[in-house]
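Here is the structure we will look at, set down as structure tokens.
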Amino acid sequence: MNASGAGPPAGTGDELTAVAPQLRALRRRTGLTLEAAARAAGLSPAHLSRLETGQRQPSLPMLLALARIYGTTVSELLGETVADRDAIVRAGDMEPTRAGGWTYFQAGAPGRAMQALRVRVPYGSQGDIVRVHPGEEWVYVLRGRLRLRLGDTAHLLGPGDSAHFDSLTPHRLAAEDHDGVELLFVHTLLQSPTATLCLGPLTGELP
């Protein structure tokens, strides 16, 4: 597993306007020191400090890990405010947030146990990061092709294909084509009763 879970070095400061200050504010709200939070997340204090100051972009697995440590959600880490319990999300209201090279659009009500996001994954971004964390994930390919490795098995998913799996299964996600891939992504911290993998129709398995 990639120990840092970090994406490439930060791009423009605007991309991290919401993310970096939230990371620091939420850590302080929980009363954790930089050293204690970094240890819980499997990071060095220097690396977490760089995330909090916008010098590095957190990847999705890192956001998930920090959300668990701080007792919050990825939505709040991305700067989303808690709205009504039942929410309709209009396409025109989806503001993009960039972190770790990926672009996220809030696709569900923030502050809920189930996180729903629309995600754009550029080619070559975070493809070497192995993710392992509690919970379940469901991904649905909207556009492009997704290279998904689950444990020792690799799959190629095209538009309309989906995967539903236990997040403790080591997994990697990467865009297969230079145009990138766009996904619907749903994550919950609830652990599935079994680690059985459930895949939707696949375009084929990779060797």
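The values are calculated or read from the model by the stated rules, or taken from the named source; none is laboratory data. What you are looking at is a predicted structure, and each value in this text was computed from that prediction instead of being measured. Note: areas computed on protein heavy atoms with side chains; ligands, DNA, RNA excluded. Shrake-Rupley method; radii C 1.70, N 1.55, O 1.52, S 1.80 Å.
For segment 99-105, putting each phi into the Karplus relation 6.51 cos²θ - 1.76 cosθ + 1.60 with θ = phi - 60° gives couplings of 7, x, x, 9, 10, 10, 10 Hz, in residue order, rounded to whole numbers and with x for Gly and Pro. The phi torsions of segment 58-63, fed into the Karplus equation with coefficients 6.51, -1.76 and 1.60 and a -60° offset, translate into couplings of x, 7, 4, x, 5, 4 Hz, rounded to whole numbers, with Gly and Pro shown as x. For residue 107, the residues whose amide H sits under 5 Å from its own are 116, 117, 118, ignoring neighbours fewer than 5 places away on the same chain, with H placed 1.01 Å from N. Around the amide H of residue 99, modelled in the peptide plane, lie the amide H atoms of 104, all under 5 Å away and 5 or more residues distant in sequence or on another chain. Each residue of segment 148-162 is assigned a 3J(HN,Hα), and the resulting list reads 10, 10, 10, x, 9, 10, 10, 10, 10, 10, x, x, x, 7, 9 Hz, derived from the Karplus form 6.51 cos²θ - 1.76 cosθ + 1.60 (θ = phi - 60°), x at Gly and Pro. Accessible-area rank, largest first, for 184, 168, 148: 168, 184, 148, with all protein chains present and a 1.4 angstrom probe.
Once backbone amide H atoms are built at 1.01 Å from N, residue 125 has 175 as its partners under 5 Å, excluding neighbours fewer than 5 places away on the same chain.
Taking every protein chain into account, the 1.4 Å probe leaves residue 164 with about 70 Å² of accessible area, to the nearest ten.
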